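Have a look at the structure below before the remarks.
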Amino acid sequence: MKNWLWIGLILLSGQHIMGQVKTADSVRVATAPAIADTTQRAAIDSIAGKKKKFAPVPRRATRLALIPGGGQLYNRDYWKAPIVYLAFGGGLYAYYLNSVKYKDYLATYKAFYDLDKNSPNYGKIKEGLTADSTLPVRYRNLFNTSSTYPEINRDQAARGKNYWRRNRGFALIVSGLIYSLTIIEANVAAHMKTFDLSDDLTLRLEPKLNQPAMRSATPGVRLVFNFK
C-alpha cells in the first residue's frame, strides 16, 4: 500500500514539473511578437524620417518678395534672384542717372534768370543775357567718371530739363513695374510648386444610363479623364 502511495506522489510531482516547463515555454514564445513590433516600428520611423518634398507657402513667398529677390530665394529658385537684382537695380540706376542730368539742365536753366527775391528784376532774364545767350551745362557720361560743359542757350536748357524729367518719371514707373512683377512671380511660382504636375493622366470609357436629352434611361458611354 505504501509503495502505491509513493508511486502516486512521484507521478503528481512529475506532472507539476512538466506544467512549470510548459509555462516557461509559453512565456518565452509570447515575447517573440515584441521583436516583430520593434522591427515594424523601426521601418515606420525610417519612412517618417525620409526627406519631404519642399512645398512653399504662397502667402509667405509674397511677403518675403517685398524685399527684392526674397520671394525667389524662399521658393528655392536661386537662378531667378540675379535676374531680379539686375532688372530692379537697372531701373533704379536709370532713375538716378536721369535725375542727375535733369538737375544739371535745371541748374543751367535757372542761371539765365534773376532769382533774388529782393531784386527788382526777380523772375526775369539777368541783365546782360538774352534768350540767345549761351551758358555751360554739365554733361556727365554713363558712370559719371568725366564731365563736359557744352554751351547751350535758354531754350536748349528748357528742352533738356524737360526731356530728362520725363525720362526720370518713366524710369520710376518701370522700376515700380519690375518690383510688382517680382512679387507676382514669387506668388505664382509658390502656387505652381504646390500644384500636382504628375504624368498620371488616364482616359477610360464608362457606361452611362442617363443622357442629357433623354427623359428615360438610355444606355450609352462616356469618356472619363482622371487627373492625379
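What follows is calculated from the coordinates using simple rules that are stated; it is not laboratory data. If you're wondering where the values come from, they're calculated on a predicted model, not measured in any experiment. Cβ sites come from the backbone with ideal geometry, for glycine too, and all protein chains shown count toward neighbours.
Points to keep in mind about this one:
- Neighbour-count order for THR194, THR108, fewest beta carbons within 10 angstrom listed first: THR194, THR108
- Selection of chymotrypsin sites (Phe, Trp or Tyr not before Pro), region 77-110, meeting DSSP coil and at most 11 other Cβ within 10 Å: TYR78, TRP79
- Region 161-188-region 48-105 distance, computed between alpha-carbon centres (Å): 14 Å
- Over region 58-196, relative contact order from alpha-carbon pairs under 8 Å, at least 6 apart, %: 35 percent
- Nonlocal amide H pairs with SER133, under 5 Å, H built at 1.01 Å: ARG154
- Karplus (6.51, -1.76, 1.60) ³J(HN,Hα), θ = phi - 60°, over region 121-138, in Hz, Gly and Pro reported as x: 9, 4, x, 10, 5, 4, 5, x, 10, 10, 5, 8, 5, 10, 9, x, 10, 6
- Cα-Cα over 22 Å, subset of LYS52/LYS193; LYS101/LYS124; LYS124/LYS161: LYS101/LYS124
- From phi via Karplus (6.51, -1.76, 1.60), per-residue ³J(HN,Hα) for region 78-95 in Hz, x at Gly/Pro: 5, 5, 7, 4, x, 5, 5, 5, 5, 5, 5, x, x, x, 5, 5, 4, 5
- Inter-probe distance in nm under a simple model that places probes 7 Å from Cα toward Cβ, at ILE173 and THR134: 3.4 nm
- Between amide H atoms placed 1.01 Å from N, distances below 5 Å from TYR113 occur with LYS126, all of them 5 or more places distant or on a separate chain.
- For region 51-121, the relative contact order works out to 16 percent when only alpha carbon pairs closer than 8 Å and six or more residues apart are counted.
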